[in-house]
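Comments concern the structure below.
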Amino acid sequence: MGVGLARAEPAPAAGECGEPSDVLPPTDAYAPDFGPGAHVFDPSTPAAEIQSTMDSITEQMRTNQFGRERHAVLFKPGTYEVDIDLRFYTQIAGLGLLPGDVVLNGHVRVEADWLSQGDDPNYKGNATQNFWRGAENLTVDNPDGQIERWAVSQAAPYRRIDLRTVEMQLWDGYEGWASGGYIADSRISGTVVSGSQQQFLTRGSRLDGGWTGSVWNMVFVGVEGAPAQHFPNPSHTVVDAAPVIREKPFLYVADDGEYRVFKPAVRRAAAGLSWDGGEVEGTSISLAEFYVVVPGTEAATVNRALAEGRHLLFAPGVYEFDQTLEVTAPGTVVLGLGLATIIPTAGQTALTVADVDGVVLAGLLVDAGATESEVLVQIGPPGSSTDHSADPVSVHDLFARIGGAHAGKAAVSLEINSRHVVADHLWLWRGDHGEGIGWTVNTAATGLVVNGDDVTVYGLFAEHYQEHQVIWAGERGRTYFFQNEMPYDPPDQQTWREGSALGWASYKVDDGVAEHAAWGVGGYCFFNVNPGVVCDRVFEVPETDGVRFTGLVSVSLGGVGTIRRVINETGDQVDESTFASYVVSYP
């Protein structure tokens, strides 16, 4: 199937054709309002103006880790000369149907140059807090002989990029730390050098120049040019193909100037790029079928739009909502630009999805409010059982945060009850720094709870929750890449234990599960409040041949704290004398 161009006619104005007067006005798909945080350039924009705008955003967002500013920088098809120094809460995206439609001659780079490291306040090469930013859907052509630096940690997706370079460095290039990242559906011409990156996932991509380096776990799923399987030292966990995946939807401009959202088709046994043949499979949806949510919009209005069957496009901004957003129509697309952020202010669930086919959630940060939410995002109500294998719900670049910007509380960040859900890059984070941080302040039990069967997750980052980071009760679940840090701040062992067990296993597969599989998984401890705290294990799973893990690691960061085993009673202890322990496969 080629490109589907599902173009919708504008809805009738209120009161026409018998429509009720309270129907929301249609979106102008040719001149939409994306709010003050969106910056749209076309080839006629002077290069000096583009560079000046980018430099201003860079300066504003350089160290603005918990600010409320949000930016989406969007390039219409054409060629540009620009050097982009990408900082917090900024998304760079091309508005073409293919990455080659937008060419940036220069750089889209992330530098580690602001955060001190260890005991040396003068060394600023630490990338471990280079969060919340992203680049997608364009070609980047570095000047001759120059490298591209992408020194990131969590919540910094690099998607659908054609990078022409001699080398891509995933850390500061010297002695700086870096703690995890995500590349998908991208072609990189030069060598990728991972440096100090602790764990990293590359999925559905092509590495023409290969890959060099590993620390604890470099994971490759459906990647042409990936290194050979070898674990550990080097720690390369390699899977030939993604069993089921939908790439993230994206905004683009058609030849006639109409804005559309492209919803990629589901692929199975997917390896390599989705776009290198010059044609992409999926459906184009006119922006006339969307409601564009801009800062200041009330939750009731957003729910009206959903009830009318509209898709949602969130403009860059922070949205404080006092109602749950309820997605009930099959096939609904909810797409955020510029790290659009939702804060539930009344202790409610921020967003729910009914047990229906084909819904897509993408590009959203959900930030817990001061009143505790039981669940931040729920996909399918409890007890969901419908078969969605032909058209699964998919989730892309969905990030949750409890504390950091402000005091927040949420028992569970993401609960998946529907079957066949595909999650493509999650960072679920109970904050360990910033504002509103403390054992009894930003309380959060669990990052991800999976009750639905046949759920697949690529790129699962879950950190610092106070009990199990992940609880998986559904059958036939599959996880490709898991990175976890246990909570830093248990005050003592008595406070942090599950019954007779010391601590809480990070990844818990329910005792009744018969089939489960995971590849490229790791968990760390850094008990800096009380280094005497011990955790029995990172992974706790049923003892059955149907539950299999491949490429496991546990780490005591700097020897601060102890983990006794990697999985169940297998794997060596990590502590102040031994920092890392590997298990090739289990059982």
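The values are calculated or read from the model by the stated rules, or taken from the named source; none is laboratory data. This is a predicted model, so every value here is computed, not measured. Please note: Cβ atoms are built from the backbone with ideal geometry, for glycine as well, and neighbour counts cover all protein chains shown. Accessible surface is based on the protein model in full, side chains and every heavy atom, while ligands, DNA and RNA are left aside. Shrake-Rupley method; radii C 1.70, N 1.55, O 1.52, S 1.80 Å.
Remarks
- Restricting region 234-267 to residues that are hydrophobic (A, V, I, L, M, F, W, C) and within 15 Å of SER205 (Cβ to Cβ), the residue that is nearest to the chain's Cα centre (by Cα) is ILE245.
- When VAL333, VAL359, VAL377 are screened for being crowded, with 24+ Cβ neighbours inside 10 Å, of a type in the set (A, V, I, L, M, F, W, C) and within 23 Å of ARG268 (Cα to Cα), only VAL359 passes.
- Selection count where residues are part of a strand (DSSP E or B) and not β-branched (Val, Ile, Thr), scope region 244-299: 18
- Some residue of region 145-162 being assigned to a loop (DSSP other than H, G, I, E, B) and without any contact (Cβ under 8 Å) to a residue 24 or more places away in the chain: yes
- Candidate set: region 491-507, residues that are touching a residue at least 12 places away in the same chain (Cβ under 8 Å) and assigned to a strand (DSSP E or B); chosen: the one surrounded by the fewest Cβ atoms within 10 Å (Cβ to Cβ): ALA501
- LEU313 open to solvent by less than 10 Å² (accessible area, probe 1.4 Å) and assigned to a strand (DSSP E or B): yes
- Considering (1) open to solvent by less than 40 Å² (accessible area, probe 1.4 Å); (2) under 20 Å from ARG164 (Cβ atoms), the lone condition that THR27 does not fulfil carries the number (2).
- Residue check for ASP510: under 26 Å from the mean Cα position of the chain (by Cα), open to solvent by 30 Å² or more (accessible area, probe 1.4 Å) and free of Cβ contacts under 8 Å to residues at least 40 places away in the same chain: yes
- Among the strands (runs of 3 or more DSSP E) confined to region 37-141, the ones with at least 3 residues that are open to solvent by less than 10 Å² (accessible area, probe 1.4 Å) are located at 71-75, 78-85, 90-94, 102-109, 133-141.
- Total residues in region 525-540 satisfying the condition of being open to solvent by 10 Å² or more (accessible area, probe 1.4 Å) and among the β-branched types (Val, Ile, Thr): the figure is 2.
- Pair list, Cβ under 8 Å, 6 or more apart: region 568-582 residue assigned to a loop (DSSP other than H, G, I, E, B), other residue of a type in the set (Phe, Trp, Tyr): ASN568/PHE539; ASN568/TYR586; GLY571/TYR582
- Qualifying residue in region 255-267 (condition: touching a Lys or Arg at 6+ places or on another chain (Cβ under 8 Å), among the aliphatic types (A, V, I, L, M) and open to solvent by less than 20 Å² (accessible area, probe 1.4 Å)): no
- Options TYR488, TYR465, TYR458; residue that is part of a loop (DSSP other than H, G, I, E, B) and open to solvent by less than 10 Å² (accessible area, probe 1.4 Å): TYR465
- Candidate set from region 392-415 (those that are free of Cβ contacts under 8 Å to residues at least 60 places away in the same chain and farther than 26 Å from VAL441 by Cα); member that is surrounded by the most Cβ atoms within 10 Å (Cβ to Cβ): VAL393
- Residues that are within 17 Å of LEU414 (Cα to Cα) and of a type in the set (D, E, K, R) are absent from region 293-307 altogether.
- Within region 197-215, the set of residues being buried (at least 22 other Cβ atoms within 10 Å of the Cβ), touching a residue at least 40 places away in the same chain (Cβ under 8 Å) and closer than 25 Å to ALA112 by Cα comprises GLN198, GLN199, LEU201, ARG203, SER205.
- Answer from ARG478, ARG419 - the residue that is under 27 Å from CYS525 (Cβ atoms), of a type outside the set (A, V, I, L, M, F, W, C), touching a His at 6+ places or on another chain (Cβ under 9 Å) and open to solvent by 10 Å² or more (accessible area, probe 1.4 Å): ARG478
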